[in-house]
Amino acid sequence: MPEKPVQKPRKNGNGRRPKKLEMKMKFNLKNIMVGLFVLFFLLSVLGSFGGQDALTTDKPLSTVISDIREGKVDKIEVEESKLSVTLKGGEKYISHKEPQDSLVRTLESAGIDPKSVEMTVKDLSMGQIWVGLISNVLPLVLTVLFFLFIFRQARGAQDNIFSFGQSKARIWNKDLPRVTFADVAGVDEAKSELEEVVDFLRNPTKYKALGARTPKGVILVGPSGTGKTLLAKAVAGEARTPFYSIAGSEFMEMLVGVGAARVRDLFAQAKKNAPSIIFIDEIDAIGRMRSVGIMGGHDEREQTLNQILVEMDGFEPNTAVMVIAATNRGDLLDSALLRPGRFDRRVVLDLPDMEGRKSILAIHAKGKPFAAGVDWDKVSKRTVGFSGADLENMLNEAAILAARENKKEIEMKDLEEAATKVKLGPEKKRLQTDLDRKMTAYHEAGHAVVTYHSPNMDPVHRISIVSRGMALGYTLTPPEKDRLHETKSHLIEQIASMMGGRAAEQLVFSEMTSGAANDIDQATRLARYMVMEFGMSDIGPINFGPQTDITEWGKSYVEQTPISPDMMAKIDTEVRKILETGMARAVAVLKKNRKQLDTIAGELIRKETIESEEFEQLMGGPRKVQTPVLS
């Protein structure tokens with residue numbers, strides 16, 4: 001017979017063999033309370049019902065006396081006032097006597113010789129003492145243990161009442177996967193600044209030889225998803241010094257003074273292990289401007305901020321601890337926090353340009369199989385305005401889409417769909433009537449035709465009447481190049497393109513729909529920016545937007561610029577003039593090119609989506625994009 005295979009123990013999810021099950025009593029407060037409660041309950045039950053046999057009957061004392069006279073009783077067990085009678089036939093029953101009376105005297109009074117029956121007396125005095133002791137003491141013990149348990153739970157929720165002032169910073173774990181500067185792209189200037197900081201910590205002597213001091217702080221400012229936390233992880237991976245990481249909100253607590261105590265404890269730990277780095281993520285949670293004048297402040301937050309200011313550059317010099325902070329609201333930070341000597345370097349992280357997006361895509365594309373036809377230059381141009389987090393999410397969505405269709409490689413159309421999904425949301429299969437589809441088709445065709453005939457606008461990338469997010473359709477015109485300056489002519493054409501949907505509705509259906517609400521909102525915002533902040537109107541180069549004022553103490557705060565009612569009326573007139581100019585331009589373009597509008601709308605009704613190449617063929621070929629020359 002073949003030998004039976006030896007069954008090996010299975011492995012769990014992390015690849016380790018499970019430990020043998022061992023029955024161990026955990027002597028903690030909770031188990032002790034449960035055990036004492038069960039013991040008290042059992043004692044109560046036994047004390048009430050344990051001495052009574054459910055199968056025996058209770059008879060009066062006169063029956064016991066008559067049975068003894070007749071010689072039926074074999075023996076009697078006396079337990080205080082309880083009598084357990086056993087007859088010679090084996091039958092048993094119980095009876096009771098008065099607690100103060102003796103059974104012997106009772107039998108003598110009835111004229112019966114006590115020696116005629118076997119009597120056994122059980123001494124329950126010690127048992128009663130223990131039962132009484134437990135029944136009186138145990139409830140008190142359980143009450144004390146219950147409140148101790150409650151206090152312990154409350155203390156655990158606040159990390160021990162005696163450790164409120166201890167820092168919650170996490171020191172970098174060398175066993176975790178290491179992130180280096182090679183894993184960061186698209187923010188070359190910021191990376192070079194932090195590479196220099198790491199070199200300061202690794203080789204301080206060559207800088208001290210020239211009289212240079214190590215920067216005390218570096219603050220990273222930029223929009224969400226641009227790689228601030230990733231850069232901090234890279235510093236932790238590259239630096240060979242202790243790295244403490246903490247979020248700004250972790251300093252705050254319900255007790256006043258706890259935040260400042262935690263700051264002191266954090267810097268004390270960092271100084272003991274100097275040279276070291278402290279990373280504070282989302283520092284705006286505690287570093288906002290302190291109260292100015294009669295404006296109220298948050299005492300706990302301001303005390304925490306004051307302590308950070310003192311620790312970074314106070315009476316006691318701090319030359320061995322470097323602070324790296326990150327925020328996406330640099331405009332809210334206190335001016336005392338940003339001055340040289342505290343944060344010597346202010347590193348601004350912007351959205352990546354085309355080359356930066358290509359580098360980011362190359363990093364996140366590692367480990368993913370892509371088809372040979374993937375054009376990374378086209379993907380980079382397609383993703384203008386994407387942050388590093390958006391690009392990583394786009395590649396992940398593309399991989400999910402390809403896996404859903406059982407593909408072996410990620411194709412270009414998967415990347416295109418993933419980019420659209422990240423920007424606008426997933427497709428929605430909404431039931432629409434033929435009239436709704438026709439209105440949506442002409443609306444989107446209006447946007448596309450006006451954009452095509454606007455020389456300063458970017459080419460149309462895709463038109464679709466497939467619903468995504470809150471939109472029934474969309475027209476994508478991503479910039480071909482990163483635009484650093486905006487011209488008035490481009491903004492006017494952009495407003496006209498936004499008004500193209502409403503103009504098409506009026507031209508074809510002689511009706512207005514609610515589908516243009518978002519277009520009108522964006523166009524109005526853009527026109528108001530042109531008048532109030534860009535100075536692109538007949539009012540002149542005057543800024544009517546919010547201003548940042550500096551007080552005599554160096555405090556800064558944002559204040560709305562006072563505008564007279566007459567000037568507000570002029571602003572509204574200029575905004576309306578710009579919007580009407582854009583609307584008139586859109587109507588004129590669509591009237592002149594009505595055949596193209598009908599062609600594009602009909603194709604959208606038939607196919608739902610039109611790509612850039614097909615759109616240009618339907619419009620008569622690619623148009624020439626005009627590049628404005630500023631003199």
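Numerical summary
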{"quantity": "Dipole magnitude of segment 369-437 about its Cα centre (Cβ charges: Lys, Arg +1; Asp, Glu -1), debye to nearest 20", "calculated": "180 debye"}
{"quantity": "For segment 415-426, Karplus couplings with θ = phi - 60° (6.51, -1.76, 1.60), whole Hz, Gly/Pro x", "calculated": "5, 5, 5, 5, 5, 5, 5, 5, 7, 10, x, x"}
{"quantity": "Potential lengthening between Thr581 and Asn543 on full extension [0.36 nm per residue; Cα-Cα distance subtracted]", "calculated": "11.5 nm"}
{"quantity": "Under 13 Å, Cβ to Cβ, from Val347 - net charge with Lys/Arg +1 and Asp/Glu -1", "calculated": "-3"}
{"quantity": "Cross-link pairs beyond the 27 Å C-alpha cut-off, checked among Lys208/Lys272; Lys233/Lys407; Lys421/Lys607; Lys381/Lys591", "calculated": "Lys233/Lys407; Lys381/Lys591"}
{"quantity": "Long-range Cα-Cα pairs in segment 170-348 (distance over 29 Å), rounded percent", "calculated": "17 percent"}
{"quantity": "Normalised alpha carbon radius of gyration of segment 427-618 [divisor 2.2 N^0.38 Å]", "calculated": "1.20"}
{"quantity": "Loop sites in segment 228-285: trypsin sites (Lys or Arg not before Pro), DSSP, at most 11 other Cβ within 10 Å", "calculated": "Arg240"}
{"quantity": "Of the GluC sites (Glu not before Pro) in segment 67-112, those whose Cβ has at most 13 other Cβ within 10 Å and which sit in DSSP loop", "calculated": "Glu70, Glu91"}
{"quantity": "Residues whose placed amide H lies under 5 Å from that of Phe370, excluding near-sequence neighbours", "calculated": "Ile410"}
{"quantity": "Volume per residue of the C-alpha convex hull in segment 354-424, rounded to whole Å³", "calculated": "76 Å³"}
{"quantity": "Rounded FRET efficiency, nearest 0.05, which uses the C-beta distance separating Val137 from Glu196 and R0 of 56 Å", "calculated": "0.20"}
{"quantity": "Under 5 Å, built H, 5+ apart or other chain: amide partners of Glu533", "calculated": "Phe544"}
{"quantity": "Lys72-Lys92 pseudo-label distance in nm [points 7 Å out on the Cα-to-Cβ vector]", "calculated": "1.8 nm"}
{"quantity": "Local net charge near Ala584, Cβ-Cβ under 14 Å (Lys/Arg +1, Asp/Glu -1)", "calculated": "+4"}
{"quantity": "Selection of GluC sites (Glu not before Pro), segment 445-522, meeting DSSP coil and at most 14 other Cβ within 10 Å", "calculated": "Glu480, Glu486, Glu511"}
{"quantity": "Peptide ranges 374-382, 394-402 listed from the most packed, as the mean C-beta count within 10 angstrom indicates", "calculated": "394-402, 374-382"}
{"quantity": "Calculated FRET efficiency for the pair Arg178/Ser249, C-beta based, R₀ 25 Å, to 0.05", "calculated": "0.40"}
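Any read-out appearing in this document is the output of simple, stated calculations on the displayed coordinates, not a laboratory observation. For clarity, every value in this text was computed on a predicted model and none was experimentally measured. We place every Cβ from the backbone using ideal geometry, glycine too, and count neighbours over all the protein chains shown.
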